[in-house]
Amino acid sequence: MNAVKSIWKYGRFTIGPVTLLAAIYFMAIGGESLGSYGLTLLVIFLLGDIYLGKEERIFEYQNAQIFYPIQYASQLIAIATITMFAWMLGAWGLFREPTDLLWISAAVEMVTGYDMLAAAQANNTVGTYLAALGFAGGAGALASVAVGHELTHRIDNPTAVFFGRLGQAFAMFTHFSIRHPYGHHNLVCTPADPATAKRGENFWPFAVRSTIGQYKMTWQLERDRLAKKGSGPWSIENKALRGWGMELLVAMLFFWAAGIVGLIGYLAVGVIAQTILELANYIEHYGLHRVPNEPQQIRHAWNDNTRLTYWLTWAIGRHAHHHADADVEFWNLKPVLNQAPETPFGYLATWAICTIPPIWHALMNPKLLEWDEKFATEAERELAAQANALSGQPMLMKAAEQYYREKGKQVPQPPAQPQPLAGSHEASPAL
């Protein structure tokens with residue numbers, strides 16, 4: 001029994017990679033089983049996130065260094081899943097002759113006698129390929145947002161950073177290894193951070209703004225870093241360019257597999273991974289404020305100790321401690337009970353809710369006001385009151401009016417819209 005407990009203690013974080021191994025098997029045999037498996041997992045994970053309760057214990061790991069090879073193996077499994085998706089697109093033969101990427105089917109047939117290529121052509125439907133895309137996107141998110149995030153934070157461990165960026169390359173995500181530790185962690189909860197959602201901001205506009213801002217920040221960070229070394233940005237030392245070069249190699253793999261369909265498939269994997277990142281970004285710091293240049297504290301992130309979130313995201317849900325001290329490995333992150341605001345539910349359920357603005361704002365507006373009262377400093381309350389006044393949310397705007405009335409100040413007004421130039425189309429009278 002002790003052995004089983006010990007295996008589970010370390011192995012619970014491998015739920016994601018293990019489910020991907022099973023997905024690879026279903027991709028290989030073809031048919032509708034892949035879609036059925038995916039829908040079953042989705043229901044189990046969502047219900048588990050809601051009903052499995054919270055994990056608020058602090059664990060001690062005697063053999064913690066084993067987590068590194070476990071993470072490396074997880075990255076390789078995610079890469080294999082995405083590669084199998086590329087193989088499936090090639091086997092589909094849409095707009096061109098079917099191909100056997102990396103001779104995977106030939107190798108399997110040599111060992112087992114099973115003809116994967118023939119099975120794919122006979123049994124796979126459009127639903128099968130959509131399910132494969134879902135698993136490939138999930139694998140990309142695991143390799144980038146969860147494990148890749150953890151590994152690229154270990155900047156004193158070149159092997160960890162390499163495996164982190166390798167997994168991220170298969171999801172068009174290598175910019176994250178630059179922008180996140182060197183940009184987001186310095187600027188979080190301030191207007192300079194594109195990955196911090198504003199009060200009243202809906203998810204989809206935020207996702208677009210955040211994604212564009214993060215790519216721009218990645219280039220700026222590398223440009224400024226190289227400038228301090230007396231080098232220009234168009235250099236082999238530019239980590240952003242090297243990462244995008246890795247992504248180009250993966251794109252070539254997809255093109256080799258399935259031509260333009262393969263490139264579209266690779267782009268779709270990247271879009272799914274990026275969307276999952278933005279869902280995480282949105283809920284992790286939504287509406288919180290920090291005075292620029294003041295240290296990050298536990299109160300500057302929404303925390304989540306939900307048990308399944310803890311397992312699936314490799315403890316990213318313990319986000320408050322992570323932002324207070326990013327050098328702490330995931331297995332040493334603490335639940336920080338009553339020291340940080342908490343998400344309404346686990347990550348999966350909260351992600352689903354945040355895409356429905358009326359429900360999201362109804363849930364979060366009282367929580368934001370609670371943060372203002374319970375956690376914010378006086379300077380942060382001032383910033384929050386300004387954001388409340390401009391949020392477009394009646395509950396928050398009413399709280400801002402009360403705050404400024406008590407301070408004897410005027411409530412901030414939205415900036416005036418620029419007037420159209422005389423003679424412009426907008427200024428012309430309606431016909």
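The values are calculated or read from the model by the stated rules, or taken from the named source; none is laboratory data. Small disclaimer: the values here were computed from a predicted structure and weren't measured. A quick note on method: Cβ atoms are made from the backbone with ideal geometry, for glycine too, and the neighbour counts reach across all protein chains shown.
Is it fair to say residue 9 is more than 24 Å from the chain's Cα centre (by Cα), charged (D, E, K, R), surrounded by fewer than 13 Cβ atoms within 10 Å (Cβ to Cβ) and on the phi < 0 side of the Ramachandran plot? Can you show your working first?
Details: more than 24 Å from the chain's Cα centre (by Cα): yes; charged (D, E, K, R): yes; surrounded by fewer than 13 Cβ atoms within 10 Å (Cβ to Cβ): no; on the phi < 0 side of the Ramachandran plot: yes.
Spelling it out, it is not the case that residue 9 is more than 24 Å from the chain's Cα centre (by Cα), charged (D, E, K, R), surrounded by fewer than 13 Cβ atoms within 10 Å (Cβ to Cβ) and on the phi < 0 side of the Ramachandran plot.
Please work out which one of (1) over 30 Å from residue 6 (Cβ atoms); (2) part of a helix (DSSP H, G or I) is the condition residue 97 fails and give its number.
If we test residue 97 against (1) over 30 Å from residue 6 (Cβ atoms); (2) part of a helix (DSSP H, G or I), just (2) comes out false.
Answer yes or no: is there a residue in the range 288-301 that is surrounded by 21 or more Cβ atoms within 10 Å (Cβ to Cβ), of a type outside the set (A, V, I, L, M) and closer than 17 Å to residue 354 by Cβ. First the steps, then the outcome.
Filtering the range 288-301 for residues surrounded by 21 or more Cβ atoms within 10 Å (Cβ to Cβ) gives 288-290, 299-301.
If we keep only those that are of a type outside the set (A, V, I, L, M) too, we end up with 289-290, 299-300.
Remaining after also requiring closer than 17 Å to residue 354 by Cβ: none.
No, the range 288-301 has no match at all.
Can you find a residue in the range 214-221 that is modelled with pLDDT of 95 or more, over 14 Å from the mean Cα position of the chain (by Cα), more than 24 Å from residue 272 (Cα to Cα) and part of a helix (DSSP H, G or I)? First the steps, then the outcome.
Quick first cut of the range 214-221, residues modelled with pLDDT of 95 or more only: 214-221.
When the remaining residues are screened for being over 14 Å from the mean Cα position of the chain (by Cα), the result is 215-221.
In the following step, the residues that additionally are more than 24 Å from residue 272 (Cα to Cα) were identified as 220-221.
Then drop every residue that is not part of a helix (DSSP H, G or I), which leaves 220-221.
Yes; the residues of the range 214-221 include at least one that is modelled with pLDDT of 95 or more, over 14 Å from the mean Cα position of the chain (by Cα), more than 24 Å from residue 272 (Cα to Cα) and part of a helix (DSSP H, G or I).
Only one of (1) surrounded by fewer than 21 Cβ atoms within 10 Å (Cβ to Cβ); (2) out of contact with any Leu (no Cβ under 9 Å at 6 or more places or on another chain) is not met by residue 211, so which one is it?
Failed condition: (2).
Just one of (1) closer than 24 Å to residue 13 by Cα; (2) surrounded by fewer than 24 Cβ atoms within 10 Å (Cβ to Cβ); (3) out of contact with any Lys or Arg (no Cβ under 6 Å at 6 or more places or on another chain) trips up residue 313, so point out which.
Here residue 313 meets the rest and fails (2).
Collect the residues in the range 251-295 that are in a helix (DSSP H, G or I), under 20 Å from the mean Cα position of the chain (by Cα) and of a type in the set (A, V, I, L, M), keeping them in residue-number order.
Applying the first criterion (in a helix (DSSP H, G or I)) to the range 251-295 yields 251-285.
Next, from what is left, pick out any that are under 20 Å from the mean Cα position of the chain (by Cα): 265-285.
Listed by number, the residues that qualify are 267, 268, 269, 271, 272, 273, 276, 277, 279, 280, 283.
Within the set of pairs 6 or more residues apart or between chains, which connect a residue that is on the phi > 0 side of the Ramachandran plot inside the range 298-321 to a residue that is small (Gly, Ala, Ser) with Cβ atoms less than 7 Å apart?
These pairs meet every condition: 314/146.
List the pairs whose first member sits in the range 61-75 and is more than 14 Å from residue 11 (Cβ to Cβ) and of a type in the set (Phe, Trp, Tyr), whose second member is assigned to a helix (DSSP H, G or I) and modelled with pLDDT of 95 or more, and whose Cβ atoms are under 7 Å apart, counting only residues at least 6 apart or on separate chains?
Short answer, once both residue conditions are applied: 68/160; 72/163.
How about the range 171-197: which of its residues are hydrophobic (A, V, I, L, M, F, W, C) and either touching a Phe, Trp or Tyr at 6+ places or on another chain (Cβ under 7 Å) or within 22 Å of residue 272 (Cα to Cα) (or both)?
Within the range 171-197, 171, 172, 173, 176, 178, 195, 197 meet the criteria.
Out of (1) in a helix (DSSP H, G or I); (2) over 30 Å from residue 113 (Cα atoms); (3) at pLDDT 95 or above, what's the single condition that is false for residue 77?
(2)
For residues that are loosely packed, with under 13 Cβ neighbours inside 10 Å and in contact (Cβ under 8 Å) with a residue 12 or more places away in the chain, scanning just the range 223-262, find the one that is nearest to residue 97 (Cα to Cα).
Filtering the range 223-262 for residues that are loosely packed, with under 13 Cβ neighbours inside 10 Å and in contact (Cβ under 8 Å) with a residue 12 or more places away in the chain, the one nearest to residue 97 (Cα to Cα) comes out as 260.
In the range 30-50, how many are over 15 Å from residue 85 (Cβ atoms) and in a helix (DSSP H, G or I)?
Within the range 30-50, the first condition is being over 15 Å from residue 85 (Cβ atoms), and the residues that meet it are 31-33, 36, 39-50.
Filter once more, so that each one left must be in a helix (DSSP H, G or I): 33, 36, 39-50.
Summing the residues that are over 15 Å from residue 85 (Cβ atoms) and in a helix (DSSP H, G or I) in the range 30-50 gives 14.
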